[in-house]
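The values are calculated or read from the model by the stated rules, or taken from the named source; none is laboratory data. Computed from a predicted structure; not experimentally measured. Cβ coordinates were reconstructed from backbone atoms using ideal geometry, including for glycine residues, and neighbour counts include every protein chain displayed.
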Amino acid sequence: MPSASWSADRVLTQLESAKNDFHFGHAAVVNRLVRALSTFDFTDPSHLIRFHECLLFLRAFPHAPSQIALVERLLNSFHKRVDKIRSLNPDMSSFDDFDTSGISGTTMQDALPFEAARWLTQRIPRNVDIAWDDYLDDYESERPRGNSWPRFIPLLEEDADVEANIPWRRWLDAARGRKPALSWLLQRFAGLSIVPRQQAELYDSLRIPLRWRLENLKLSRTRNWSRPRRFYFHDAPLVQRNQVSLRGELAKPAPRLEKLSLAAGESVMQSIREIMVVRYRELYGTTLGDPHWVVRADLGRGIVMHFWGLPASRRLPLRAYLAGYTLKNGVPINYVEAIGLCEWVEVGFNTFYTYRQGETAWIYAQALRCICALTGATTISIYPYQIGENNDEAIDSGAFWFYRKLGFRSGRADLQKLCEKEEQKIAGNPKYRTSRRVLRQLAQAHLFFEIGSAADHGSWDRFSVRNLGLRINRHMATHFDGDSNLLRAASLSSVTAALNLSPSRLSPAERQSLQNWSLVLALLPNFSKWNRSGKAKLIDIIRSKPGRNEMQYFRQTQLHTRLRNELLRLGTEPSS
């Protein structure tokens, strides 16, 4: 008679195959396998995790209405299975892997950035605390503690500056009284008389590890789903990548984008923080998103996407920023980030591990439809990290070929030739697989997809805002002895004179935008001789940067041809 472990493995393998079969009437097969596994007394953590991922996939891609109640019941009580398997004292480390973290009943640990730590502490105050055993024994964290804690713990310098074996926790306990240590610390940093960005920098330097217990909380990855307005059930095969024409999808009418109320926007911000924190992921725009400007797009097949920008105080100096995530039947399945200027936008897209077999190419095309509708961009760029530069996950998943088969090309001619040679090998031998070494080579340059005028194709291949910034810094080193204050003052003076613009007539946020843009504009030859219309449009761009909707700024940069050409000239890396 086979062992229970062997039986679990066999039935799980059957379910993992069956969940991807969407032929009509297959729901009964899947339901039978799910019910069989629901009776198993799991003893192997890897088997329990596999069952968990199957259930989440089925909740996002259900075959029929009969699956919803079954799957939700199992997910809502899944923490009991985790508790039971923990009682057997197995190695639980697999529950904390990057792709499988966040399961109900488990505990997570990470050194979260300031804003994320504050949010999590407010969200689950009784379930999160400092992981003291991994913090106070860390010698490298002593200096940052000594530099920051004396700001709100009187006379701590007497110990911190000269003594060894400092009893940090005794000092903290004496100062905080009955208040929880983490909440007290976060309140002290938030109360410092410095700007929020500096508060965050000071706290982040401490690298305080936090530990949070998920128990059966709704924010766990297990239960972090919602009821959609209407379920979409799959009774036919999923849309495959070879069925998706990216150019055809982008040629369709723009999707309808619904502007959400502030309350709904705040709910979206709460959701994305929950989605990211249980996956050990954090993006600038998911932590700092602006709830005042959030849009929703219902794209069919159970897909709903939300997009938002950044508050004016946290925007990038030049580029516009957009972030978003996707719900499939109410289940979060990916996140997206788009950063751009003029007609060019860099897009980062990540589908969570569990859902990568679920119409990823079609969903990606819908995300690009939304991004292009919001930004007006016509040149889509994929940065190298997304396809494997210093990213083993992207190498393992063959991310380069995902984009290439949708029509993207390399921004470097030599790598494009290498790509075409690989395609010839694949055409000649269907079993051929590109080696990891070659995939790493192919990941050394951006990929591009252009939907604008053919005359503009290739214009952004070697452009980078980093190149622009480095040029400004070399200018500072050469002409201002490396002094950024002198550079900023001189740039602002020359640009305001050329524009006949008084900074005192601008709001503080507009003055910051003017300061940032002046660093670029001061490098332009004959800038003072631009015509009146060109200068007026430039002033509009500068003033719109901190506006209510940064996408208006994005579109305005597309209308200033002379500025666009100068940015390309300054930010384009010379051909090697």
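Consider S504 carefully, then state whether it is closer than 21 Å to I542 by Cα, small (G, A, S), part of a helix (DSSP H, G or I) and touching a Lys or Arg at 6+ places or on another chain (Cβ under 9 Å).
yes
Can you say whether R145 is closer than 28 Å to T107 by Cα, at pLDDT below 95, out of contact with any strand residue (DSSP E or B) (no Cβ under 6 Å at 6 or more places or on another chain) and surrounded by 11 or more Cβ atoms within 10 Å (Cβ to Cβ), as far as the supplied structure shows?
Here the answer is yes, as R145 does meet what is asked.
Restricting attention to region 14-44, which residues are among the β-branched types (V, I, T) and closer than 19 Å to Y355 by Cβ?
Of everything in region 14-44, those that are among the β-branched types (V, I, T) and closer than 19 Å to Y355 by Cβ turn out to be V30, V34.
When region 96-133 is examined, which residues are found to be of a type in the set (S, T, N, Q), touching a helix residue (DSSP H, G or I) at 6+ places or on another chain (Cβ under 8 Å) and either part of a loop (DSSP other than H, G, I, E, B) or under 13 Å from M276 (Cβ atoms) (or both)?
T100, S101, S104, T106
Do we have any residue at all in region 122-136 that's without any contact (Cβ under 8 Å) to a residue 24 or more places away in the chain and not charged (D, E, K, R)?
yes
Quick one: G452 ticks every box in (1) at pLDDT below 95; (2) within 21 Å of E573 (Cα to Cα); (3) of a type outside the set (S, T, Y) except a single one, so which number is it?
(2)
Where in region 316-426 are there strands (runs of 3 or more DSSP E), lying fully within it, with 2 or more residues that are under 23 Å from Q444 (Cα atoms)?
Result: 331-341, 344-351, 379-382.
Kindly provide the set of residues from region 298-314 that are surrounded by fewer than 23 Cβ atoms within 10 Å (Cβ to Cβ) and on the phi < 0 side of the Ramachandran plot, ordered by number.
Hits for region 298-314 are D298, L299, I303, V304, L310, P311, A312, S313, R314.
Name the one entry in H47, H23 that is touching a residue at least 40 places away in the same chain (Cβ under 8 Å) and loosely packed, with under 14 Cβ neighbours inside 10 Å.
H23
Which residues, counting only those in region 280-311, are more than 18 Å from the chain's Cα centre (by Cα) and under 16 Å from V331 (Cα atoms)?
Residues satisfying the conditions are A297, D298, L299, G300, R301, G302, I303.
Taking region 137-195, which residues are of a type in the set (A, V, I, L, M, F, W, C), farther than 13 Å from I208 by Cβ and touching a Leu at 6+ places or on another chain (Cβ under 6 Å)?
W171
Tell me, please, whether a residue that is among the acidic types (D, E) and at pLDDT below 95 can be found in region 163-172.
yes
Scanning region 29-43 for residues that are touching a Ser or Thr at 6+ places or on another chain (Cβ under 8 Å) and at pLDDT below 95, which turns out nearest to F98 (Cα to Cα)?
Only one residue tops the list, namely T43.
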